Amino acid sequence: MASVLRALFAALMTVSLSTIASAQQSGVQDAPAEAVTQEAPAQPAIRQILVEGNQRVEADTVISYLLIQPGQVYDTRLVNLSIQTLMATGLFSDVQIEDRGAQVVVRVQENPIINRVILEGNRAIDDDKITDEIQAQPRAIFTRARVQSDVQRIIEVYRRSGRFAASVTPKIVEQPQNRVDLIFEISEGPVTGVRRINFIGNDSFSDRRLRRELVTRESRWWRFFSSNDNYDPDRLEYDQELLRQFYMNQGYANFRVLSAVAELTPDQESFYITITVDEGEVFNFGEVTVSTEIADLNEEYLAMMLPMRAGDLFQGQLVEDGIDTLTFAAGASGYAFVNISPRTTRNREDNTVDIEFVIDEGPRVYIERIDIAGNTRTLDRVIRRELDIVEGDAFNQVLIDRSRNNVRRLGFFEEVEIGETPGSAPDRARVNVQVTEQPTGELAFGAGFSSTDAFLVDLSISERNLRGRGQFLRFRISASSNRESIDIRFTEPRFLDRNLAAGFDLFRVNSDFLSEASFQTESTGASLRLGFPVTASTNLQLGYTIRNDNVLVFRSASQALLNQAGDRTTSVLTYTLNWSRLNDPIEPSNGYRLQFSQGFAGIGGDVRYVRSEITGAFFKPVLPGIFNNEVVASFTMDGGFVLPWGGDTVRINDRFFKGGNSFRGFEVAGIGPRIVSRDEDTGELRRGDALGGRLYAIGAFEVSFPLGLPEQYGVRGSLFTEFGTLGLLDSGDQIEEGAAGEAFTVDEMALRASAGLSIFWDSPFGPVRFDFAEAFIREDYDRAEFFRFSTRTGF
C-alpha cells in the first residue's frame, strides 16, 4: 500500500513540473512580440489631399473620383483603384498619387482638347459623311485610343464605298492652352470594283440568270453613276439572302449558299466573287393543314383560304403569303394577337414538303406610339401613310414587316429599320421607324441610233420626292429625225392620302411623217391621270386628255390627205386595266400579262370616236429541266379598233400605223391602207403614202435562247414569226380607182406574215437589237425591210 502511494505522488509531481515549464517557455516567447508592437509607429490619418497639374478640371472634381478621402488611412489598394478610375474618365493621359504622410498629392496630366478636325486627301467622299461617322469633334477631349478607333471608322467608310486600299494616318499639331489640331491624312486608293461574279454548283440556272437576282453588279465603264458595282461585304450578305429567296420560290426547298468568297486582284483594283451553292432538288407542296386551339377558328375553312395546294410547286413566298392570309383571317374573327408558326416536314421519298400552320393566341399588346426619326427631308405623313399600322392597333409583326417593305419601296431612303420598345404599361409598345435619306433627284441624258429614228437625243430632269412630300416631277426634252417633244409630268402617288396615284401632264409634240405618209402633226395639250390597284395583280388607270392637233399636208398630196389638214381639238376620257402574273417584270420566263384600254372622244372638242386596244403576252419555259429556264417561248397579241360616232370620221393622226418594231419585216407604216397608182404601161401598182387604219390585229410567236457565247458578252437570240393585218378606212376617205395613172386607195385587210431572227446584245454602249426578217406574206404595195437595228444608252 505504501509503495502504491509513493508511485501516485511521483506521477502528480511530474505533471505539475511539466505544466510550469511550458508556462514559463510561453512567457519568454510572447515578451519580444509585445516589445515589437510597442516600437512600430502608427499610420497617420490623411488630413489633406492636394491636386497638381490640372488646368481645366477642377480639383474638387478630381478628388470626387478618389476612393480615399481625408480622415482615412492611406491604403495602397484603394490608391490603385483611384488611379484606374481617373484614367477611365478619359480626361487625363497620366495620373500619379504620392503619399506624404498626413498629406496626399495627386498629380495629373490632362488630355488636350481638340481644336479642329481636319481631313486631307478625301476627294471621293465629302467631309460631312466622314465626320458623321467619327467620334472626334471640335472641343472634344483628345485620346489616342479614340483616334485609332476613328481611323478604323474612316477606313470602313471607304470600304463601304468600294475603296479597300484606302489608308488613314492621324497627325496632331499642338496649339497653346493644351489644345491640338487633329489631322487625318487619307490616301483613298483606287475604287475596288467587281471584275467578275462566278457561281459554282448552279446546275438549274445559268450564271447570267443568277446575276440578275443580285444587287451587286459587275463593273462596267458606263456604270459610273452607280455604286452597286463596287465591292461591299454587307451588300454581298444581302445578295446571298436574295439568292435564297429566288431558289425557294423556284421549288428548291433545300437550297443553301455554301460560301461567298471575294478575292482581291493583285493590283487591288477589283474583286473576283465566287458564290458556291447547293441547289438540292425541286420540291412540291405536300399536305397543307392548319391547326389551332382557338375554338372560334375553323381549321378547314382557314386551310381553304391558303394560296397553296398539295401538288403545287413549293414557293417560299407562298408560305409568307399564307401567314399573311391567316393573320388577316384571325384578326377579322377578333383575334388580332396570334402567333402563326409554319412547321415544315420534308419528304425525300416523293420530294414534297408538308406544312402545318400552327395558330396560337399570343399576349395582347397594343401600339402606344409610332416615332419616326432620320427623315431630315421627307415629311412624317409621307412615311406614315405607307405604314399598315396606326396608334391603338394591335401589335402585329407581319404588318410591321410589311410596313417596312412599303417604306423601302418608296425609294427615298437608303436604310429603313422598324423596331419596338416597351411602352408605359406591360400591354403597350412603342414602334420606332428609323430611316436614312438618300438623293432622289436625277439628271439623265440619253442618246441612240436606229434605222427608224436615225438619231435620238433625250434629256430629262426629275425629282422623285419633291419638297419631301413624295411627289414626282419630271421635265423632259427629246428629239429624233422624225419627232420632237417636250413634256412636264407631275404625280402625287397618294392623292388625298389614299392609295390613289393622281397627276397631270403638259406636252408639245411635233411629228414628221413626210417619208411615210406626206404629213406632219403639231400637238399641244394636257392630261389628268388617276390610278389605283384593284387587286394584288391588277390596277386601273383613269385619264382625261385635251389637245389641239394641227395636221400639215403638202398641197401636192392626194385628196385623201388634203381632207385631213387643219386644226382640231380632241377631248378624250380614257381608262386602262392592267393584269400581270409574270414571274419577272423585266425578263419574264413564265406567266402572262394583259392590258385593255378604251378612250371616249367627243365630250367637248371637235373629234368623236371610241378607241379600244388590247394587248397580251404569255411566257413559258421550254424544257426547263434541260435548258435551265434559258429557252423561253412566248406568244404576244395586239389588237385595236377606232369607231367614229356622231357622223364624224377618224382623222389620220388618230389611226393606227404599224410596221418597224411593231411588225418586224416591214418598214414603219409599211402595211395597211395606202394611196397607190397604176402604171399606164405595165399595170403595176406604184406605192404612195400610207393612210393608216381603224382596225389592226397582230400576233407573234417567239422563242428566245442563248447563243452559246460566254455570258459576259450578254448576247442572246430569238426566232420569231409575226402575222396580222391593218385596214378599214372610213368610206369618205376612200378613193375609187379611175383612169390609169390616177391615185386611188387600197384597203384590203389582207393577212401579212413574216419570220426571222433577232439578236440582243448588252453592249458597253447600251442594249442593241438586230432584226433580220423576211415578209413571206405581203401585198405588192407594202413596204418590206429585211434588216433593222436600234440602240440606246444613258449617261
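With each label point set 7 Å from Cα along the Cα-Cβ vector, what nm distance links Phe705 and Ala303?
It is 4.5 nm.
For the chain, report the translational diffusion coefficient in µm²/s to the nearest whole number, using Stokes-Einstein at 10 °C, 1.306 mPa s, and a Kirkwood Rh over Cα pairs. Please list the in-between numbers first.
Details: Rh = 34.8 Å.
Using the Kirkwood radius from Cα pairs, D works out to 46 µm²/s.
Using the Kirkwood radius over C-alpha pairs as Rh, can you work out the diffusion coefficient of the stretch 572-652 via Stokes-Einstein at 37 °C, viscosity 0.692 mPa s, in µm² per second?
D, rounded to a whole number, is 219 µm²/s.
Counting only DSSP beta bridges with both residues in the stretch 256-381, what percent are antiparallel, rounded to the nearest 5?
Numbers: 19 of 26 bridges.
Given both bridge residues lie in the stretch 256-381, the antiparallel proportion sits at roughly 75 percent.
How are the Cα pair distances of the stretch 321-401 distributed, in percent, across 10 Å bins from 0?
15, 36, 25, 16, 7, 1
Can you put Ile97, Ile68 in order of accessible area, largest first, using a 1.4 Å probe?
Values: Ile97 30, Ile68 0 Å².
Listed by decreasing accessible area, they come as Ile97, Ile68.
What is the distance in Å between the Cα centres of the stretch 379-404 and the stretch 503-582?
40
Please sort through the DSSP H helices of the chain and keep those with an alpha-carbon extent of at least 30 Å along the long axis and a Kyte-Doolittle average not below 1.6. Present the calculation step by step, with values, prior to reporting the outcome.
Details: long enough: 2-39 (58 Å, 0.53).
None pass (Cα extent of 30 Å or more, hydropathy at least 1.6).
Note down, for the stretch 628-669, the three equivalent ellipsoid semi-axes (square root of 5 times each alpha carbon gyration tensor eigenvalue), biggest first, whole angstrom.
Working: eigenvalues 224, 43, 5 Å².
Each semi-axis is the square root of five times an eigenvalue, giving 33, 15, 5 Å.
If R0 is 25 Å, what FRET efficiency do you get for Ala295 and Thr344 from their C-beta distance, rounded to 0.05?
Details: r = 26 Å, r/R0 = 1.04.
Calculated value: 0.45.
Counting Lys +1, Arg +1, Asp -1, Glu -1, what net charge surrounds Ile141 among other residues with beta carbon under 12 Å of its beta carbon? Please report the intermediate quantities before stating the final value.
Details: positive: Arg56, Arg139, Arg144, Arg146, Arg179; negative: Glu110.
Around Ile141, the surrounding residues sum to +4.
In square nanometres and to one decimal, what's the mean projected area of the convex hull around the Cα atoms of the stretch 459-615? Could the numbers behind the result be given before it?
On the way: hull surface 48.3 nm².
Answer in nm², one decimal: 12.1.
Quick check: residue separation of Thr85 and Ala479 times 0.36 nm, minus the Cα distance between them. What number comes out in nm?
That pair, Thr85 and Ala479, stretches by 134.5 nm at full extension.
Under a crude label model (7 Å from the Cα following the beta-carbon direction), how far is Phe328 from Arg408 in nanometres?
Each label point lies 7 Å from its Cα, and together they span 2.1 nm.
How much of Thr89 can a 1.4 Å solvent probe reach, expressed as accessible area in Å² and rounded to 10?
Result for Thr89: roughly 40 Å² accessible.
Over the stretch 476-548, what per residue volume does the convex hull of the Cα atoms give, in whole Å³? Could the numbers behind the result be given before it?
Values: hull volume 8.7 nm³, N = 73.
Output value, Cα hull per residue: 119 Å³.
How much net charge surrounds Val180 when only other residues with a Cβ under 13 Å from its Cβ are counted (Lys, Arg +1; Asp, Glu -1)? Walk me through the intermediate numbers first.
Working: positive: Arg116, Arg139, Arg144, Arg146, Lys171, Arg179; negative: Glu110, Glu174, Asp181.
Around Val180, the surrounding residues sum to +3.
Using only alpha carbon pairs under 8 Å that are at least six residues apart, calculate the relative contact order of the chain and give it in whole percent.
On the way: 1768 pairs, mean separation 42.9, N = 795.
Relative contact order here is 5 percent.
Along the Cα-to-Cβ line of Leu643, 7 Å from the Cα, sits a label point; which residues in the stretch 593-612 have backbone N less than 20 Å from it?
Residues 595-604, 607-612 fall inside that zone.
In nm, to one decimal, how far is the modelled label at Gln317 from the one at Glu52, with both set 7 Å along Cα→Cβ?
7.6
What are the ³J(HN,Hα) values, in whole Hz, obtained from phi via the Karplus relation 6.51 cos²θ - 1.76 cosθ + 1.60 with θ = phi - 60°, for each residue of the stretch 723-735 in sequence order, with x given for Gly and Pro?
Those phi angles translate into 8, x, 8, 8, x, 6, 7, 5, 4, x, 9, 8, 10 Hz.
Would you kindly state how much longer the chain becomes between Leu67 and Ser149 on full extension, computed as 0.36 nm times their sequence separation minus their alpha carbon distance, in nm to one decimal? All intermediate terms of the calculation are to be shown ahead of the outcome.
On the way: separation 82, 0.36 × 82 = 29.52 nm, distance 3.02 nm.
Using 0.36 nm per residue and subtracting the Cα-Cα distance, I get 26.5 nm.
For the chain, give me the percentage of DSSP beta bridges that are antiparallel, rounded to the nearest 5 percent. The partial results should precede the final answer.
On the way: 225 of 258 bridges.
Of the beta bridges lying entirely in the chain, close to 85 percent run antiparallel.
Using amide H atoms built 1.01 Å from N in the peptide plane, name the residues 5+ places from Gly717, or on other chains, whose amide H lies under 5 Å from its own.
Under 5 Å from the amide H of Gly717 lie the amide H atoms of Phe705, Leu707, Phe760, each far enough along the sequence or on another chain.
Could you work out [θ]222 nm for the chain from helices alone, using -39500 (n - 2.57) per DSSP H run of at least four and dividing by all its residues? Round to the nearest 500 deg cm²/dmol.
On the way: 14 runs with 154 residues, N = 795.
So the helix-based figure for the chain works out to -6000 deg cm²/dmol.
With only alpha-carbon atoms in the gyration tensor, what are the semi-axes of the equivalent ellipsoid for the stretch 648-795, in Å, largest first? If you can, show how the numbers build up before the last one.
On the way: eigenvalues 255, 51, 36 Å².
Ellipsoid half-lengths, sorted descending, are 36, 16, 13 Å.
Taking only the alpha-carbon positions of the stretch 584-736 and ignoring solvent, what does the Debye formula give for the base-10 log of I(q)/I(0) at q = 0.09, 0.11, 0.18 Å⁻¹?
For the requested q values the scattering log ratios are -0.44, -0.61, -1.09.
Kindly sort Tyr696, Tyr74 by accessible area of their heavy atoms, largest first, with the probe set to 1.4 Å.
Numbers: Tyr696 5, Tyr74 55 Å².
Ranked list, largest accessible area first: Tyr74, Tyr696.
Residue separation times 0.36 nm, minus the C-alpha to C-alpha distance between Arg100 and Arg508: what's the value?
Numbers: separation 408, 0.36 × 408 = 146.88 nm, distance 9.36 nm.
Gain in length upon complete extension: 137.5 nm.
Report the calculated FRET efficiency for Thr615 and Ile777 (r = Cβ-Cβ distance, R0 = 35 Å), to the nearest 0.05. Let's see the in-between values first.
Values: r = 22 Å, r/R0 = 0.64.
After rounding, the FRET efficiency stands at 0.95.
For Gln175, list long-range residues whose amide hydrogen, built 1.01 Å from N in the peptide plane, is under 5 Å from its own amide hydrogen.
The answer is Val180, Asp181.
Give the distance, in whole Å, between the Cα centre of the stretch 42-76 and the Cα centre of the stretch 674-729.
98
Counting other C-beta atoms within 10 Å, and keeping those with at most 13, which DSSP coil trypsin sites (Lys or Arg not before Pro) do you find in the stretch 224-325?
Working: sites: Arg235, Arg244, Arg256, Arg309; in loops: Arg309.
Those that pass, being in a loop and sparsely packed, are Arg309.
Using protein chains only and a probe of 1.4 angstrom, how many square angstrom of Val338 are accessible, to the nearest 10?
Number for this one is 20 Å².
Heads up, I need the accessible area for Tyr575: 1.4 angstrom probe, whole protein in place, Å², nearest 10.
60
The values are calculated or read from the model by the stated rules, or taken from the named source; none is laboratory data. Keep in mind that what you see is a predicted model, and the values were worked out from it rather than measured. We place every Cβ from the backbone using ideal geometry, glycine too, and count neighbours over all the protein chains shown. These accessible areas exclude ligands, DNA and RNA; they are computed on the full protein's heavy atoms, side chains included. Shrake-Rupley method; radii C 1.70, N 1.55, O 1.52, S 1.80 Å.
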